[in-house]
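Below is one structure, written out as structure tokens, with a few remarks after it.
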């Protein structure tokens with residue numbers, strides 16, 4: 001979907017993708033949600049940066065999953081009589097897959113990572129500006145646009161700045177590109193409300209390659225989030241404060257969905 005030649009109609013690109021997708025893949029519906037991926041008269045080359053698990057159905061069979069794919073799109077446009085104009089954009093795309101006869105097939109593209117936002121720095125909070133400017137925090141453009149829109153909770157932004165003091169890290173998703181609801185439920189996600197961040201890389205290494213090592217940079221980073229900065233919701237490959245106890249708040253948890261990243265979120269203020 002993110003690789004095409006100049007002048008190729010978006011519908012043709014999607015039909016080509018649909019050839020190896022699930023039979024229920026709806027080209028028209030996906031096209032409505034993914035217009036932003038298609039730049040008129042541009043050559044586009046897509047490359048997957050990181051595929052993060054966004055959720056899976058639980059129960060008798062785990063037959064559907066969400067994968068939040070961080071994808072880089074390299075674009076080139078040639079105007080008559082001038083040198084090619086090149087640019088790049090990094091989006092987080094919510095791709096849905098279904099298991100048919102033990103084969104995972106793309107069923108839908110639920111979110112293409114949001115629309116571009118022009119710089120509006122004078123309207124931003126101090127914390128928003130700090131996150132955008134901090135070279136230790138790697139953001140996909142989808143997350144950068146979320147911040148520029150003013151969609152992200154200031155408590156989360158402050159914590160992101162604090163965590164950069166522990167180790168440099170890479171964000172997979174803030175709001176755009178994340179499932180609207182906690183996958184497989186009717187509960188709205190904290191990401192949708194601008195109160196969650198998922199981090200896929202810490203100190204230059206993917207979190208998934210650092211677990212279950214308790215001497216890793218990712219483990220120290222997760223521990224700092226809980227013990228030094230008191231985050232109220234912390235999903236990761238490690239359960240740092242033990243199993244849930246009725247009547248007692250325990251922020252840290254782990255499960256299959258959070259084995260490949262660190263999730264930090266805040267409740268309603």
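General observations
- Residue check, residue 192 out of contact with any strand residue (DSSP E or B) (no Cβ under 7 Å at 6 or more places or on another chain), closer than 23 Å to residue 143 by Cβ and not in a strand (DSSP E or B): yes
- Qualifying residues in region 203-230 (those that are outside any helix (DSSP H, G or I) and within 22 Å of the chain's Cα centre (by Cα)) - the one surrounded by the most Cβ atoms within 10 Å (Cβ to Cβ): 210
- Taken as a whole, the structure leaves residue 49 outside the set of residues that are touching a strand residue (DSSP E or B) at 6+ places or on another chain (Cβ under 8 Å), assigned to a loop (DSSP other than H, G, I, E, B) and farther than 23 Å from residue 99 by Cα.
- For region 169-185, the criterion of a residue being part of a helix (DSSP H, G or I), out of contact with any strand residue (DSSP E or B) (no Cβ under 6 Å at 6 or more places or on another chain) and at pLDDT 95 or above is satisfied by no position.
- Looking only at region 113-128, and only at residues there that are closer than 12 Å to residue 157 by Cα and surrounded by 15 or more Cβ atoms within 10 Å (Cβ to Cβ), the one that is modelled with the lowest pLDDT: 124
- Among the candidates 76, 110, 88, residue that is part of a strand (DSSP E or B), loosely packed, with under 14 Cβ neighbours inside 10 Å, at pLDDT 95 or above and at negative phi: 88
The values are calculated or read from the model by the stated rules, or taken from the named source; none is laboratory data. Computed from a prediction, not measured in an experiment: that's the story for all the values here. Reconstructed Cβ throughout: ideal geometry from the backbone, glycine too, with neighbour counts over all protein chains shown.
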